[in-house]
Every structure is written in structure tokens, then in C-alpha cells.
């Protein structure tokens, strides 16, 4: 397959990410099926570039406020879960989220059950799932629904439960030197920067 085909897949995947709230992996696979054969899938960075272009073309008037609302939800949960050294990742951290995006928080726990116990003790309803880990057992994912006064529908918050030792590699940058995730202080800096840059009502 040609580089042009890979770019076509990246832009088709970007539309699925923005318009349907799909995750990158699933969006790339669905977009590739329309090309036939076994095309080379674009990297997450290529899809992210295409997502930014799609947002600039079709969502520039609404996306910044939606992103800010999602980051505020993330900040609330990170404050509630400070014991587990939360880091925000995914589109909400990278700045490409819309109201359909989920919030992804990485938790680093000495005891993998401690996050579940904390939610139970706080009376929080959650679902338990799993996704592939890094060469070990599947990683537990706790999913909660959280309200935002700025968004019409509840926000899905995925809490990815990591082993405490995994935090050492959490802040490794991508190939372009940008971080894949950030802690509470970094998120609060983004929120305050966006608020100060917003035009006066």
C-alpha cells in the first residue's frame, strides 16, 4: 500500500474519532477495512494530526469549550484519587477531545484492589473491565460516569489501574517530544492557561 493510502486511512479514522467518539485503534481498523487487502495502518501520531485537522475544519467553534469541560471533569477525579498518583492521558490530555471523548486516567497502585475499594467506600458506582497489559496480566479498567454542567451527557471516565512501578515510564515523550500524559499539577496549568486566554464575556 502507498503512503497516500495510509493518509486516507488516517483521515477516515480521524472522522470516526471526532464524530463517533471511537478510540484510535478501533477507528484505524474500521477505516482500513474500506481499503481492502491488508493496508499498513497509520501511527497514532498520524491519526492525531488528522484529528487536529478535522477539528480545525469542522469543530473549531465548539471543541475548545468541550475540551475545557472534559479537563475539568478529569481534574475533579484526579483530586479525588490523589492517593493513586493519577495521570491524565488520551485525547483529553493531548488536546484533541470533543464531548464524545472519554477521560482516561492512569492510576499507580501498590495494591491493585485499592482503587476499587476506594470507589466502593465513596459510594461510587463503577463497572470493571480489562484491557491488555504490558506483557503481564490484563490491566483492570474501572469505568465511572461523571456529570459536567457544561456538557449535555455524562462523561465516561476510565480509570486504568497500573502497578506502582509502572509510573517510572509514565512521562516518556512521544517521537516528537510531547508527553503522553500529565499529572494533576500539569493539568491544572493547562486549565489555568486556557481560562486566562479565553475572551471576556
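The numbers here are math on the coordinates, done by the rules we state, and not lab data. Everything numeric here is computed off the predicted structure, so don't read it as measured data. All Cβ positions, even for glycine, are placed from backbone atoms using ideal geometry, and neighbour counts span all protein chains on display.
Remarks
- Estimated D of the chain in µm² per second, where Rh is the Kirkwood radius over Cα pairs and Stokes-Einstein applies at 37 °C, 0.692 mPa s: 183
- Tail beyond 22 Å, pair distance distribution of region 10-97 (Cα, percent): 35
- Principal-axis tilt of helix 24-33 within the chain, Cα atoms, nearest 10 degrees: 30
- Treating r as the C-beta distance of residue 4 and residue 113 and R0 as 45 Å, the FRET efficiency rounds to 0.40.
- Packing, as the average of other Cβ atoms within 10 Å across residues, places the peptides 41-54, 83-96, 119-132 in the order 83-96, 41-54, 119-132, highest first.
- Extended-chain gain in nm, criterion 0.36 nm per residue less alpha-carbon gap, residue 34 and residue 65: 7.9 nm
- Backbone N within region 149-186 under 11 Å of label point (7 Å from residue 131 Cα along the Cβ vector): 158-161
- Separation in nanometres of the label points that stand 7 Å from Cα toward Cβ, at residue 192 and residue 79: 1.4
- Cα gyration tensor shape of region 3-58, rounded if a/c is under 1.5, else prolate or oblate by comparing a/b with b/c: prolate
- The slack between residue 145 and residue 15, meaning 0.36 nm per residue of separation minus the straight C-alpha distance, is 44.4 nm.
- Crossing angle, helix 44-58 versus the chain [Cα axis fit, 0-90 degrees, rounded to tens]: 80
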